[in-house]
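Single-structure report; data block below.
The values are calculated or read from the model by the stated rules, or taken from the named source; none is laboratory data. The structure displayed is predicted, hence computed values, not measured ones. Glycine gets a Cβ as well: all are built from the backbone with ideal geometry, and neighbour counts include every protein chain shown.
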Ligand code: 3HC
């Protein structure tokens, strides 16, 4: 059997290399337990060894945590608890070794990987962008299950540990040092040497681990039970505010950490293992691990299946339209070091675009994600003009101009003259790409790149492959989308593509509820309660009613009565309300743009007058969400979606569909296909034509099928 751990003794130092020959990354699984045990026994018994260094044989990963594939194969809470117990025991043994072990870390050190490092006696980390440390377990619906909930607070303090464990956030090398998470920060070239030296110093007693000194605020808050109670209470409140209790893992993590403080590490570890097992069985954990597998699979998806094409590099980008979207696209491109040429009709607009790019980069610099030097370098990559100078060498041109077909046609013709070899990508959210390509000399090079606003924050990119778009063009746009950090799904051309198409019936149904007299804040509250980041009425105000008003008729034209816009939406638009940006929408805004309560004058525009109609949150959710789920299935049967995975990811990353529900298709599976058909039929009987179940769904209900396997790895 091939070994994952190998040991080499150099001058009394055992250099242990972790390199799983059968996997792309190093992960911890139960098969490794015996190898670790044998290694520890050797360290204990071999008199020629005085100390050890644990290093990775993988270029960019130290240890990526527990093997997630093994976690999803667990079938009972007690099996999960045992897995956690075994991990704890292994790391307790490591921590208790008489000979010091130094973690020599380069690359991702995540979850169980960081827990291994925490059990070592010294940590050396490379100062390199790939060297990220985190405990991301709560993002998977779990908690650190190999002692992390107990060791981390004792190493870096309670508040720092809670922050890391509850958010799962990634810690960059310098921050890791300032937190006290690591002991030395070094250049990658000297990692091994420094780690060996530290191991020897620790073994000889030349260097000892100093007791961690609490800061003044820690002494006040963390070093006494009363202060700690305050910290735990605040942490619970924050979690509840952020998650509305939909995610059990962070709350469980707080309890487990608190248990360790109140009753000692051993009881803390008991609680940790128990909760780890219980959480592994929750639907939330299943959905969040599904999202991990789905995003990982998309990283490798070229967008063209088995087609034998290679993506061309995009060395230069040009963006038409320096508005909010255009500038947003430029801001993410320069961060990946692509030179960008912005074009717009006036110098004022260009200046506005450059300012918007600067604002995004300034935010990054303030968060210390960019050094002042990198900031200057990136700003120097973006330039603008009112003509097409600088376009000639662009490999990709993205248009983000006014949503009007004739305007798109004009710029397409001009771009074909100015940048004859470039791909022309439209950032339209409503116009079919094939219509835009009608006037193209090279329609094979016309594609859709639908970004979401604000571009620098929204993780999704929808690439729209029209019938005439070549595989080469798709592969290149997909690869570039990934290069600028987006999760990319490829969808077929059609009104609303995928994301806006499923949004349309959902928003529309919310509009119908307004027509019937339901209060706008009741609608929003119901859907926020369901797990959306904002409700549909707020979403309309945020996106802009003019934009929503443009897409409404297009969708209604394409899909008929099913998507006929609601009366209230039309009237609110006719009333000249634009939403937040115009200071008037469904909600009230003060002079500074701060939102107040609902603008009750809207109710005079609804067909239902008088007192608002009382409707339960459950009914509101049933109508809006069922409309969205059904439309998602229609997108699958129409061939807009290639698969359910893309549909789930598109909804979660594009709309904020509740991640703990996994996405529309995962939700249908959870509810049961037959149950969904029944609910849709019942709604359709009340509102004929709006809820007719998708044919595919009906067929699946009859055959007792589901979209994903019910157990094990979802993809
Ligand atoms: N378990 C199993 N497989 C893993 C894995 C893990 N922890 N981490 C990565 N992989 C696999 C991926 O599935 C993928 O497999 P494939 O090639 O067969 O599809 C392969 O490794 C490469 O992964 P990426 O494509 O994501 O590679 P990147 O270089 O882009 O990213 C990474 C590498 C930063 C390590 C990223 O994969 C990552 O974030 N992994 C997950 C880390 C994580 O969540 N760890 C916590 C696990 S839970 C835990 O540790 C519990 C403990 O407390 C007991």
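Of the residues that make up segment 556-571, is at least one farther than 29 Å from residue 660 by Cβ, buried (at least 18 other Cβ atoms within 10 Å of the Cβ) and in contact with a strand residue (DSSP E or B) (Cβ under 7 Å, 6 or more places away or on another chain)?
No, segment 556-571 contains no residue that is farther than 29 Å from residue 660 by Cβ, buried (at least 18 other Cβ atoms within 10 Å of the Cβ) and in contact with a strand residue (DSSP E or B) (Cβ under 7 Å, 6 or more places away or on another chain).
For residue 240, state whether it is at negative phi, at pLDDT below 95 and part of a helix (DSSP H, G or I).
No.
Which helices (runs of 4 or more DSSP H) does segment 1-115 wholly contain that include 2 or more residues that are under 26 Å from residue 714 (Cβ atoms)?
Qualifying helices (runs of 4 or more DSSP H): 68-72, 77-96.
Does residue 538 satisfy the condition of being farther than 22 Å from residue 596 by Cα and touching a strand residue (DSSP E or B) at 6+ places or on another chain (Cβ under 8 Å)?
It is false that residue 538 is farther than 22 Å from residue 596 by Cα and touching a strand residue (DSSP E or B) at 6+ places or on another chain (Cβ under 8 Å).
Restricting segment 162-172 to residues that are crowded, with 22+ Cβ neighbours inside 10 Å and in contact (Cβ under 8 Å) with a residue 40 or more places away in the chain, which is farthest from the ligand (Cβ to nearest atom)?
The extreme case among them is 162.
Given 119, 77, which one is within 15 Å of the ligand (Cβ to nearest atom), in contact (Cβ under 8 Å) with a residue 12 or more places away in the chain and either more than 30 Å from residue 710 (Cα to Cα) or outside the structural domain of residue 275 (by TED's automatic domain parsing) (or both)? Before the answer, list the steps.
Details: 77 fails: either more than 30 Å from residue 710 (Cα to Cα) or outside the structural domain of residue 275 (by TED's automatic domain parsing) (or both).
Result: 119 is the single residue among 119, 77 that is within 15 Å of the ligand (Cβ to nearest atom), in contact (Cβ under 8 Å) with a residue 12 or more places away in the chain and either more than 30 Å from residue 710 (Cα to Cα) or outside the structural domain of residue 275 (by TED's automatic domain parsing) (or both).
Scanning for something assigned to a loop (DSSP other than H, G, I, E, B), in the same structural domain as residue 155 (by TED's automatic domain parsing), at pLDDT 95 or above and more than 16 Å from the ligand (Cβ to nearest atom), does segment 214-225 turn up at least one residue?
no
Restricting to segment 122-133, and then to whatever is within 24 Å of residue 209 (Cα to Cα) and part of a loop (DSSP other than H, G, I, E, B), can you tell me which residue is farthest from the ligand (Cβ to nearest atom)?
Result: 127.
Tell me, which helices (runs of 4 or more DSSP H) lie completely within segment 277-374 with 1 or more residues that are not assigned by TED's automatic domain parsing to the domain that holds residue 448?
283-300
Scan segment 561-576 for residues that are farther than 17 Å from residue 607 by Cβ and modelled with pLDDT of 90 or more and jot them down.
576 - this is the single residue of segment 561-576 that is farther than 17 Å from residue 607 by Cβ and modelled with pLDDT of 90 or more.
If we scan segment 97-116, do we find a residue that is within 16 Å of the ligand (Cβ to nearest atom), in the same structural domain as residue 37 (by TED's automatic domain parsing) and out of contact with any strand residue (DSSP E or B) (no Cβ under 8 Å at 6 or more places or on another chain)?
Among the residues of segment 97-116, at least one is within 16 Å of the ligand (Cβ to nearest atom), in the same structural domain as residue 37 (by TED's automatic domain parsing) and out of contact with any strand residue (DSSP E or B) (no Cβ under 8 Å at 6 or more places or on another chain), which makes the answer yes.
Which one is nearest to residue 56 (Cα to Cα), of the residues in segment 22-41 that are within 16 Å of the ligand (Cβ to nearest atom) and buried (at least 19 other Cβ atoms within 10 Å of the Cβ)?
26
To keep it simple, each residue is scored yes or no on (1) under 28 Å from the mean Cα position of the chain (by Cα); (2) more than 16 Å from the ligand (Cβ to nearest atom).
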residue	(1), (2)
135	yes, no
140	yes, no
144	yes, no
149	yes, no
155	no, no
160	yes, yes
174	yes, yes
210	no, yes
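Based on this model, can you work out whether residue 302 counts as more than 23 Å from residue 64 (Cα to Cα) and in contact with a strand residue (DSSP E or B) (Cβ under 8 Å, 6 or more places away or on another chain)?
Judged against the criteria, residue 302 is not a match.
For residue 252, work out the one condition from (1) touching a helix residue (DSSP H, G or I) at 6+ places or on another chain (Cβ under 8 Å); (2) more than 14 Å from the ligand (Cβ to nearest atom) it doesn't fulfil.
Against the list (1) touching a helix residue (DSSP H, G or I) at 6+ places or on another chain (Cβ under 8 Å); (2) more than 14 Å from the ligand (Cβ to nearest atom), residue 252 comes up short only on (2).
Do you know which of the residues in segment 506-560 that are within 22 Å of residue 429 (Cβ to Cβ) and in a loop (DSSP other than H, G, I, E, B) is modelled with the lowest pLDDT?
The extreme case among them is 544.
Just need a number here: residues in segment 29-53 that are within 16 Å of residue 119 (Cα to Cα) and touching a helix residue (DSSP H, G or I) at 6+ places or on another chain (Cβ under 7 Å).
Within segment 29-53, residues that are within 16 Å of residue 119 (Cα to Cα) and touching a helix residue (DSSP H, G or I) at 6+ places or on another chain (Cβ under 7 Å) number 6.
Considering only segment 54-63, how many residues are within 9 Å of the ligand (Cβ to nearest atom) and out of contact with any helix residue (DSSP H, G or I) (no Cβ under 9 Å at 6 or more places or on another chain)?
Residues that pass the stated criteria total 1.
Scan segment 281-298 for residues that are within 12 Å of the ligand (Cβ to nearest atom) and within 23 Å of residue 530 (Cβ to Cβ) and report the count. Break it down stepwise before answering.
Start the filter on segment 281-298 by keeping residues that are within 12 Å of the ligand (Cβ to nearest atom), which leaves 285, 288-289, 291-298.
Subset that is within 23 Å of residue 530 (Cβ to Cβ): 285, 288-289, 291-292, 294-295.
Selection size over segment 281-298: 7.
Listed residues 433, 423; which is over 18 Å from residue 500 (Cα atoms), touching a residue at least 40 places away in the same chain (Cβ under 8 Å), buried (at least 17 other Cβ atoms within 10 Å of the Cβ) and assigned by TED's automatic domain parsing to the domain that holds residue 364?
Result of the check over 433, 423: 423.
When you go through 86, 19 one by one, which is the residue that is surrounded by fewer than 20 Cβ atoms within 10 Å (Cβ to Cβ), at pLDDT 95 or above, within 16 Å of the ligand (Cβ to nearest atom) and farther than 22 Å from residue 275 by Cβ? Even if it seems obvious, please write down each step before you answer.
On the way: 86 fails: farther than 22 Å from residue 275 by Cβ.
When all the criteria are applied, what remains is 19.
Exactly one of (1) without any contact (Cβ under 8 Å) to a residue 40 or more places away in the chain; (2) within 11 Å of the ligand (Cβ to nearest atom) is unmet by residue 68. Its number?
(1)
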